[in-house]
Amino acid sequence: MSLPYPGTATYAVEISGWDARENFFVENTQLHWSEEHGKKAYLHRPLREGSVVFVRIIAPTGSRQTLPIAYQARNLSPAVRGETWEFSLVQMHPRSGINGASEPEPSEVARKP
C-alpha cells in the first residue's frame, strides 16, 4: 500500500473495537499521519461513523509495550476495489465530572456552605 499523501509518517498499529455488525475485532494495519490530513487508517471491515476504536502502536521486538488510545472513526469510505475501508481518526478525551458535566473549580467548592 502506498502512502496516501506526501509528507506522511506511517506506523504499524493494532486497531480493536466493534465493527458495523457489532462484532469485536483486532486487526494489525498501518496508521498514516500527516499535519495536513491528520490520521488515517485502513481496515478489512466496515465501521460505523463515529465508532470508538482503540489504537495501539506496535512496538519493535524487545521494546516496551504501548497502551491503546481511544479514537473516534470519522469520514468512512470504501477504498480501492472495496477490499479495505478508509477512515480518519479523531482522538477522544476523557470527560470531566459525572455524566460529562464539568467539575467545579476548587475556589467555587470552597465558597459553598
Net charge of neighbours whose Cβ lies under 14 Å from the Cβ of Asn23, counting Lys and Arg as +1 and Asp and Glu as -1: 0
Summing +1 for each Lys or Arg and -1 for each Asp or Glu, what net charge is found among the other residues whose Cβ lies under 13 Å from the Cβ of Lys39? -1
Charge tally in the Cβ shell below 12 Å around Leu76, where Lys, Arg are +1 and Asp, Glu are -1, Leu76 excluded: +1
Which FRET efficiency, nearest 0.05, do His93 and Ile57 yield, Cβ-Cβ r, R0 25 Å? 0.85
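Values in this text are rule-based calculations from the coordinates and carry no lab data. None of these values were measured; they are calculated from a predicted model. Using ideal geometry, Cβ is built from the backbone for each residue, glycine included, and neighbour counts are taken over all protein chains shown.
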